[in-house]
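The values are calculated or read from the model by the stated rules, or taken from the named source; none is laboratory data. What you are looking at is a predicted structure, and each value in this text was computed from that prediction instead of being measured. All Cβ positions, glycine included, derive from the backbone under ideal geometry; neighbour counts span all protein chains shown.
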Amino acid sequence: MRICAVLMLVALPLWAKSDVVVQAWSRATPPGASSAAIYGLFENNSSHEMRVAEIRFAGARHAMIHRTVEDEGMTRMVHGEILVPPGERYELKPGGLHIMLMGVSIPLLKGCLYKFQILWENGDSTNHEFVTGGYGQMVFPADVEPVGGDAVTRHCP
């Protein structure tokens, strides 16, 4: 019984460490593409709102948060923000809010997991991965089996 209590106390900080759960994904990029987008679900398990200050991805020059809007029959992107209230979920999806990767220097290949970092407005940072689906992927690619690995990616040829 004492061993269980000690193990629970030791493990609690591991469970409590991440206030936000991120299930991220992207589409594969065609050869020579210089931009890509990350979509996904952000779930805030904390008692305070979480606002993204910056996104870092080693495979791109920079990342920005964009929202796709339609204005007089034209689709364009405007700057957006990711703000997740406590106990809420927020979805990034094609045709809406997304993380835009610009100056992409590596191909995003179907089945690869890529590492990225989120810096939060409160000063915290968290490390995450996004999985890449096919070219026309519109939802989280649950059917993708990850492959290979290197420094920027966890699993990629």
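Things to note:
- Residue among G40, G32, G87, G103 that is in contact with a strand residue (DSSP E or B) (Cβ under 8 Å, 6 or more places away or on another chain) and assigned to a loop (DSSP other than H, G, I, E, B): G87
For every residue, the table says whether it meets (1) aliphatic (A, V, I, L, M); (2) at pLDDT 95 or above; (3) under 20 Å from G134 (Cα atoms).
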position	(1), (2), (3)
L9	yes, no, no
A16	yes, no, no
P31	no, no, yes
A37	yes, yes, yes
R76	no, no, no
P107	no, no, yes
K110	no, no, yes
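- As a summary of the residue check, F140 satisfies the conditions (1) within 23 Å of G32 (Cβ to Cβ); (2) more than 11 Å from the chain's Cα centre (by Cα) except for the one numbered (1).
- For Y135, the stated conditions do not hold, so it cannot be described as surrounded by 15 or more Cβ atoms within 10 Å (Cβ to Cβ) and either modelled with pLDDT of 95 or more or in contact with a strand residue (DSSP E or B) (Cβ under 8 Å, 6 or more places away or on another chain) (or both).
- Unique residue being under 15 Å from M100 (Cα atoms) and either free of Cβ contacts under 8 Å to residues at least 60 places away in the same chain or under 14 Å from the mean Cα position of the chain (by Cα) (or both) when the list is A37, A33: A37
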